1. What residue, among those in segment A:234-247 that are aliphatic (A, V, I, L, M), part of a loop (DSSP other than H, G, I, E, B) and surrounded by 15 or more Cβ atoms within 10 Å (Cβ to Cβ), is nearest to the other protein chains (Cβ to nearest Cβ)?
2. Based on what the data block shows, is A:Leu71 at pLDDT 85 or above, within 50 Å of the chain's Cα centre (by Cα) and assigned by TED's automatic domain parsing to the domain that holds A:Tyr205?
3. For segment B:66-82: of the residues being within 14 Å of chain A (Cβ to nearest Cβ), surrounded by fewer than 20 Cβ atoms within 10 Å (Cβ to Cβ) and at pLDDT 95 or above, which is nearest to B:Ile193 (Cα to Cα)?
4. What pairs can you find where one residue is in segment A:378-397 and in contact (Cβ under 8 Å) with a residue 60 or more places away in the chain, the other is of a type in the set (D, E, K, R) and open to solvent by 50 Å² or more (accessible area, probe 1.4 Å), and their Cβ atoms are less than 7 Å apart, with a gap of 6+ or different chains?
5. Filter segment B:24-52 down to the residues that are assigned to a helix (DSSP H, G or I) and open to solvent by less than 60 Å² (accessible area, probe 1.4 Å) and list them by number.
6. Suppose we filter A:Ala456, A:Ala445, A:Ala485 for residues that are at pLDDT 95 or above and out of contact with any strand residue (DSSP E or B) (no Cβ under 9 Å at 6 or more places or on another chain); which single one remains?
7. Assess whether A:Ala250 counts as being part of a helix (DSSP H, G or I) and within 14 Å of another protein chain (Cβ to nearest Cβ).
8. Filter segment A:151-169 down to the residues that are outside any strand (DSSP E or B) and touching a residue at least 60 places away in the same chain (Cβ under 8 Å), then identify the one that is surrounded by the fewest Cβ atoms within 10 Å (Cβ to Cβ).
Amino acid sequence: MPAFLLEIGLEEIPARMIAAAQKELAERVEKMLARENLLRAHAVQSYSTPRRLAVLVEGVLAHQPDTQEELVGPSLKVAYKDGAPTPAAIAFAKKAGVEVSALRTITNAKGEYIGATVERKGRPAVEVLAEMLPREMAGLYWAKSMYWRAGKPERFVRPLRWLLALLDAEVVPVEFAGLKADDVSYGHRVLHGDAPVVIAKPSEYVAKLEKAKVVVDVEARRQRIRKALDAATRAVPGARWRENEELVDAVTHLTEWPTALLGNFEKEHLTLPEEILETVMRDHQKQFVVEDANGKLLPHFLAVLNTEVGAAGAAIIRHGNERVLRARFNDARFFWDVDQKISLTDRVEMLRNVTFHKDLGSYYDKTEKNLKTADYISKKLSGYHSDDWENIRLAVELAKTDLTTEMVKEFTELQGVVGGLYTNAQGIPKDVSDAIYEQYMPLGATNRIPSTKIGAILALSDKMTTITEMFKKNIIPTGSKDPFALRRAGAGVVRILAENTHVHGNLHLVDVVHATNQMDEADKTLRFHVLDFMLDRLEFYLQESCEIRLQVARAVRNSGAATYDDDSAGKLVGYGYVAGFAKALNEQVGSADVLAVAELLKRAANIQRQAKEKGIQFSGEEAAALLVDPAEKELAQRVTEVDASIQKNYREGKYSEVIAAIAGLQQPLNAFFESVMVMVDDEKTRNNRLALLARTVAVVRWAADFSELASI
Amino acid sequence: MRMKTAVTTATSNAVLKSALTFQELLFTLQGFWSARGCILQQPYDVEVGAGTMSPETFLRVLGPKPYSVAYAQPSRRPADGRYGENPNRLFKHTQLQVILKPPPSNIQELYLESLAAIGIDLRQHDIKFEEDNWESPTLGAWGVGWQVMLDGLEITQFTYFQQCGGIDLDPITGEITYGLERIAAFLQDVDSIYDIVWMRDAKTGRAVTYGEVRLAEELQFSVYNFEKADVEKLWQHLDLYEAECKALLDAARPTLEGEDAVARSRVPVLAIFDLCLKCSHLFNLLDARGAISVTERVGVIARVRALAVGVAKAYTAQQTVVGSAAVIGAVS
C-alpha cells in the first residue's frame, strides 16, 4: 500500500515549540486520512528539525473506496400527490443525482418517506490530500505566530520556505502559504548548501536527508548528542558532564547535525560561586557543565554545535566559545566586585525604586508587608519571644536587596541565590544568608524546598504576601491566565508546610493565610477566597506530588483538619500531618472496611441533608438525656470515643489507628440504621437523632470527608 | 581600572592580521547591502537608544510602500554606561541597521552571505538562529525573530516587525541589526571593545584603537548620565518637548483629516517625531539618574508611548494621500 510523506520546510522554529508541533501535525494528518477513509493498517512516523516538520504515514489507500449512502427525503405524503411526483420529490431527486423513478419508499419510526441510494465515487488520495492538507497545516497551534507575506494571507510560527508532499512517487500538488509542494527537500544549510535534495519516494526520506547532513529523527539526534557529549568528555580523565535533560532537549531542537565540543576556561574562574558559573554556561550559553566524580565543577564546558568541522574549525569554534565565556565570567566577577561597594544592608532604601507591581508599589513596600507576615508566622511557630526573631527580621529586610545589584540585573534567574552569597560574604549570620538563598524555593513541583527554618518562614511570608496582595487587587488566576505564577507560589506554600521539617509539625495553612490578613473582620471574604485558592493547591499537591487518588485528595481537602472553620477552633494541626494522613488513607481506601463505613456515613449525611432541605432545624450535638434506643445510645458513646481517638492519634501521626477507629463505626452505625427510625413524629426525638448523626459525620469529617470515598 | 583578562588559549594570529578594522567592517556591510538594493543612510542626528528609533525604521515601516535601507546608528543607552571600565559594555554602541520591506524570501541567505563578506567562513563556524522576540513598550512596537549566535556569541538581532506605533504592519518588514563592536571584537579576536582596531594607516601600518577614539566619551558621558545631569532640568526638558510634540500633533490633526493636499504635505510630522525621540532619550537619562520613582515610571513610559503612537498615526494619515512618491529601494 502507498506511503504518504509531508515535509514543511521553514525558517528556524523556536526550539521550545517544535516537539508539540511535530506531534500535532502527525495527529492531524492521521485523523484527516482516517476521516477521508484513506487509512488501512498503517504506521505513522513523525520527524522534526529546527527547519522542518515532517510526517510519514505507511498504509495509505491510493484511492478512496466507493461508498453507498442512503439519503432520506420529504415524507411520502409531500412527495406524491395523486400518485404523481410533486416539485419537492423532483427537487430531492435532482439534489441526490438520481432519476425520480429511482426514488424508493423508506419506512422509519417517524413514518413513510422517500429516499434514494446514492453511489459515491471514491476520489484519488492525491486529490483528497491536496484539498485537505492546507487546512491541517493552517490549524497548527503556535504559542506565538507571525505574518510575513504581503496582504497577510496567513500566520505561521516562521515563514515557510518549501513544501514536500509525496504519495509514493507521485507529488501531491498541495498549495499553502504561496508554496506548491514538490518532491524536493533541503539539507543542512552549511554542510550541504542550497542544492535541492530530491526525494523519489517517502521510504528514502530519512536516509536521503542523512546524506544531506540532517538527522530528521529527534530521538536519533538526542542519542547522537548524548554519545557526542560522552565522547568529548573522555578527553578529561575522571570527568563527566552534568546531566540536564532540559538542556539536552533544547540543543536537540536547535540542531540538524549535532556534534559536541569540549572547551576550557581559566581555573581562577572556579573561585566564582558555582551557581553563577553554571547559570552562565547552562542558561546563557546552552553549554553543559563538566564535573569530577564528586560533582565538583571542572574548568571545562561542552558546547553542542549544529555542524561538523575538522581540527582547524574546531579550534576556531572552541576559541570563540571560550572568548564569550571568559567575557561572561569576567562580567560576573566585575559585577561581584562592583556590588560589594554597597553592602546589602545599605541597599534596603534602594528598594523604593524597584517596582514589585504597578498597583502594589515597590519592593520596599513589599518587604514591609513581608515583615508583618513573617512576624505573625514566627509567633505562631515559636511564641512571642522567639530566639531567632532578630535573624528572621534581618532575613526578611535583606531578602529583596539583591534586586538592586548588577549581578541580578544581569542574571535575573539568580535572584535570592545572589542575596544569599552576598550576605554570606558580607558577614551576615549564616542562618540569615541561608534563608535568603532559599527564599524562592521551590521553583517547581519537583525542585528543592527551603531546608532551614528561617528559609521556610521567609519563603512562606513572601509567597503568601504576594498571593494576598494580588487577590486584594483582584489579580486572580483564571483558566490559563496566571501571569504572576500565583498557583506556583501557592503550591510552594503547601509543599513547604507539608514537607519542611521545621514547620510541618506546627504550622497550618490557616496560620499562613491569617498571617497576611490578620483577622480583620472586613477582610473575611478575602480570607475565605485566599483559603479556598490555597485548598485547591493542596488538592493538586496531594494528587500530583503525593500521587494520591482524586477522591482521597478531595476528602482530605474538605476535612476539618485541612480547612479549619470556626467550629473547630483550637484544633489546628501541623500541615505535615494532613499530608501524612492523606497518604495513609490513600493506601487503605480500597479496603472493605473503609468502603462499608464510607457508605454508612454517606447515608447519615444524606438523611441530614434531606431533613435540612425540608426546613428541619437541629443542633450539631445530641442531648444524652433524649437518647432512647440502646443502639443510638451505643452510637453516641462510640462516636465520643472515636472522636477522642482521632484527635489523639492524628496528632501523634498514628494514621492507621485513626482510620481503624473510623472503620470501627461500621457496627454501631449498622445497628443504628437497623433498629432506629430517625424521622419519627416526635419532634424532639427526631431532632436529637439528626443531631447525633450530625455529630457522627462531623467527628469523622474532621479527618476526612468519607462521603467522597464511598464511590471508589 | 581596566579588567585584566587572562588569555591562555592560543589566538589565531593569521585570522587577526587579515581581520577587518572597525571602519572596514562598516564599509563592507554597507557595500554589501548597497549592492543588494539598499539606500545607504547616515546615522540619525538625534539621540536614540537603538537603530529602530530612527525615522528610517520607525516611520518607514509604516504604510504600504516598499523600502530598503541600511545605516549605522550610534545608540545611546545611558544606564548601560560603565565609565569605560567594563570591556564588554558601552553607553553608546554602534548598530548597523538593515531594513527590508517587504522581506525577500531569501532574507536569511542574504544575511549569511553578508557574514561571508566580512570574512566569516561558515564552514569553520557554528551558527544558530535562536528564538528571540522583540518588543518596545515605549514605541508600541513588536516583532518575532531570532538572535543569531556565532560560536556562542550573539552577533545579530533578526526581527520580522509585526506592529509599530500601535499600528499593524502590512507589508511586514524584515530588520537585521548587527552589533558592530561585538562583531569587530570577534573578528579581531580581542577581549576588550577598547582594543578593537578602529583603523590602520595604509602606509605606516599604525593602528588607532576604539579606546583612543571613544574611551573619553564613555567616561565623560557616564559621569554626566549618572552624576551630573540636572534632574530638575531634565524633567523640565521632558515637559517642554512633550508639550510641544503634543501641541503640534493636536494642531496637525484637522489638517491631516482634511482634503488640502498641499497643507497636508506641509504638516511637520518628521520634526514632531524628533520631539518624541527627545522625550524618549530624556526618559532614559532620568532613569539612569535614578530619578524616576516606581509610581512615576509606568506613567512616563505611557507618556512617551502616547507621543510615538500619535506620530505613527499622523505619519500614516499623511502617507495615505501624499504617498505618490515612487517605490524606492526594493531588494531584488
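The values are calculated or read from the model by the stated rules, or taken from the named source; none is laboratory data. Computed from a predicted structure; not experimentally measured. Here Cβ is always computed from backbone atoms with ideal geometry, including for glycine, and neighbour counts include all displayed protein chains. We work out accessible area using only protein heavy atoms, side chains counted, and drop any ligands, DNA or RNA first. Shrake-Rupley method; radii C 1.70, N 1.55, O 1.52, S 1.80 Å.
1. Only one residue fits best here, namely A:Val236.
2. no
3. Going through the qualifying residues, I end up with B:Arg77.
4. From segment A:378-397, the pairs are A:Asp388/A:Asp431; A:Asn391/A:Asp431.
5. B:Leu25, B:Leu26, B:Thr28, B:Leu29, B:Gln30, B:Gly31, B:Phe32, B:Trp33, B:Ser34, B:Gly51, B:Thr52
6. From the options A:Ala456, A:Ala445, A:Ala485, the qualifying one is A:Ala456.
7. So A:Ala250 fits the description; yes.
8. A:Asp168
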